[in-house]
1. Across the Cα atoms of region 206-353, what radius of gyration and what greatest pairwise Cα-Cα distance (Dmax) are found, in Å?
2. Straight-line reach from Lys250: which aspartates and glutamates fall under 19 Å, measuring Cα to Cα and dropping same-chain residues less than 8 apart?
3. Using a Cα-Cα cut-off of under 14 Å, which aspartates and glutamates could be cross-linked to Lys326, ignoring same-chain neighbours fewer than 8 residues away?
4. So what are the three principal axis dimensions of region 93-175 from its Cα atoms, in whole Å, longest to shortest?
5. Distance check, please: which entries in Lys230/Lys293; Lys160/Lys217; Lys145/Lys207; Lys160/Lys207; Lys145/Lys230; Lys154/Lys256 exceed 19 angstrom between their Cα atoms?
6. Report the extension gain between Asn42 and Asn341 in nm, rounded to one decimal, defined as 0.36 nm multiplied by the number of residues separating them, less their alpha carbon distance.
7. Filter the trypsin sites (Lys or Arg not before Pro) in region 289-351 to those in DSSP coil with at most 12 other Cβ atoms within 10 Å of their Cβ, and list the result.
8. Measure off 7 Å from each Cα along the Cα-to-Cβ vector at Asn321 and Ser3, then give the distance between these two points in nanometres to one decimal.
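The values are calculated or read from the model by the stated rules, or taken from the named source; none is laboratory data. What you see is a predicted model, and the numbers here were worked out from it, not measured in a lab. We place every Cβ from the backbone using ideal geometry, glycine too, and count neighbours over all the protein chains shown. The protein model used for the area step is the full one, side chains on, heavy atoms only, and it has no ligands, DNA or RNA in it. Shrake-Rupley method; radii C 1.70, N 1.55, O 1.52, S 1.80 Å.
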Amino acid sequence: DESEWPHLPVLPSYGRGRDAPNGRFSSLIFGTNLTDVVITGNNGTIDGQGAYWWKKFKEEKLNVTRPYLIEIMYSSQVQISNLTLVNSPSWNVHPIYSSDIIIQHLTILAPVDSPNTDGIDPDSCTNTKIEDSFVVSGDDCIAVKSGWDQYGIKFNMPTKNLVIRRFTCISPDSATIALGSEMSGGIEDVRAEDITAINTQSGVRIKTAVGRGAYVKDIYVRRITLNTMKYVFWMTGSYGSHPDPSFDPKALPVIKGINYRDVVADNVTYSARLDGIENDPFTDICISNVNIKLTSKPKELQWNCTNIQGVTNQVTPEPCNLLPEKEIDCPFPEDRLPIDNVKLKTCSISGNF
């Protein structure tokens, strides 16, 4: 019953709704300006009954943006764990403008053809940890965000200090981990390790465009296992999708310090498509210790590279000329981020109901 879903204003870092220019429906589980939030269960299921919303979206009958399943805004000390989330109307878990967030032991399921059913979307958040979770999605399994074009630039709140560990994704049309495309507040210091993807479009994908501004920098990824993929590595500098025509064409994003190591992939169509922006190349890319086995009908051009700069070491198939061989192990920080020192506290309710 749509009348039971309160309307909220658009997010200030987006300037409009993702589905429609006007406001948006409140999420099923929603909170703002909170401290010490615990959303947990004994692997209990929350069903978003998304089919109603997906149909309206596909028929272009929405005047406001669909609800998310869980959204927490302007909050700190947020813990979401031990739940199964199914059939979200749109994004599943959306912490935004928040800090000190732990997301663990989630199973997130949506039909692979459902629109915009991202799994977990940390958005303009600091100190976030995502661990031991499994997502089947119609969109990116994890999408790291920080605002859209001029609205995100003005709001100026990055996502930084993000840890992703022991994560598994199935998404035939989208990424295991996407950085962007809404990244206009910046994305910095992301550490992902022990990542598995099966029948997924790409591994870690960077999505940006002219007008986004800001940066994606200091990204570290290691120990990735991929099976049945369209792309292993994918960076897009022409993603487009602007909130309105008022974006600044001089707002060029800075993409630098992107590090991938210890990757094993099987049944792959393309090894890499890495497209920077003309007069704004993506720099300091490092890829090492990668073994890619191709599908029975691979594309002839395995590494398609434009407007990038970096190095590779022990990578097969042979990378493009813009990524020359250098004896180097791509870095992965060994220090601990503050969120790693936070222990997950659980709560329990007993009694007769």
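1. Just the Cα atoms of region 206-353 yield Rg and Dmax of 19.3, 68 Å.
2. Asp149, Glu182, Asp275, Glu278, Asp280
3. Asp284, Glu318
4. Per principal axis, max minus min of the Cα coordinates gives 35, 25, 14 Å.
5. Lys145/Lys230; Lys154/Lys256
6. 105.2 nm
7. Counting only loop positions with at most 12 other Cβ atoms within 10 Å, the trypsin sites (Lys or Arg not before Pro) in region 289-351 are Lys326, Arg336, Lys343, Lys345.
8. Placing both labels 7 Å beyond Cα along the Cβ direction yields 6.8 nm.
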